Amino acid sequence: MTIKDLSSLRNALAPNGRIRYSINLGNPILAGRDASTGQLFGVSVDLARLFAERLGVEVELVAFDAAGEAVKALREQHVDIGFFAIDPARSEGIRFTPPYVQIEGCYMVRIDSPIHINTQVDVPGRKVVVGAGSAYDLFLTRELKNAQILRAATSPTVVEVLLEQSIDVAAGVKQQLEADARRFPGVRLLPERFMVIHQAMGIPSSRNDHAFDFLKSFVEEMKASGFIANALAAHRIEGATVAPAGYPPASP
């Protein structure tokens, strides 16, 4: 890469002299905050730091508790790059790279619930709670025709809302729900996923094609080189898988 090319990429991707990243803490599989130090960590953070290092610019990590907030910050260009799931409802004003990680979305119910399979969820009278603005909120809003969708403030709180209110089903990332099942007695996961969540990097649509192509190439390189797999292992993430090469992602 020539000095001119690098300068052009820096101007497009880090117009303030640093890359401002939108980090979604609503998905603890990919990002979290150390309780003692306050430092952010996770696969998304590792990617953010390495990409900034490639460009030779500083990093600014901006944390959000919910995906909807993280998406809004990128769309309004308060940040330069974001990490969240690909969804048609998020395409306005944002261009997504190919996915780098795939995660399953699952349902949770009370242990004595009559619901045992996914097809029993979308029936009249059922209530399903999701994290507001999350990938599974967007997906289920399109897919559920009969059940009522209720929204918790953030994805990590859906099980608490399920138990505190008269709600039949909680929907979320499988690993988060599994962790909640260990914390809250009397709940269980349904055995099958209802969707595959395709986690990607995104930039505002106003950034030029050269910058977007560079970011796409970076994501594909990180998958092919083993960086994503190693990061998942280093952060002890189970269940999430490295996305296959290319785009569009496979159907759920």
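The numbers here are math on the coordinates, done by the rules we state, and not lab data. The model shown is predicted, which means the values in this text are computed figures rather than measured ones. Here Cβ is always computed from backbone atoms with ideal geometry, including for glycine, and neighbour counts include all displayed protein chains.
Observations, loosely collected:
- Within the stretch 70-177, strands (runs of 3 or more DSSP E) holding 3 or more residues that are crowded, with 23+ Cβ neighbours inside 10 Å and among the aliphatic types (A, V, I, L, M): 101-110, 127-131, 169-173
- Residues that are among the polar types (S, T, N, Q) and touching a residue at least 12 places away in the same chain (Cβ under 8 Å) within the stretch 115-140 comprise N118, S134, listed in sequence order.
- Residue list for the stretch 178-195, filter: among the hydrophobic types (A, V, I, L, M, F, W, C) and either part of a loop (DSSP other than H, G, I, E, B) or crowded, with 18+ Cβ neighbours inside 10 Å (or both): F184, V187, L190, F194, M195
- Any hit, the stretch 59-72, residues being closer than 24 Å to L6 by Cβ, of a type in the set (D, E) and either in contact (Cβ under 8 Å) with a residue 60 or more places away in the chain or in contact with a strand residue (DSSP E or B) (Cβ under 7 Å, 6 or more places away or on another chain) (or both): yes
- When the residues of the stretch 43-70 are filtered to those that are β-branched (V, I, T) and over 12 Å from N24 (Cα atoms), the one that is nearest to the chain's Cα centre (by Cα) is V59.
- Any hit, the stretch 169-177, residues being farther than 18 Å from S134 by Cβ, touching a residue at least 24 places away in the same chain (Cβ under 8 Å) and over 17 Å from the mean Cα position of the chain (by Cα): no
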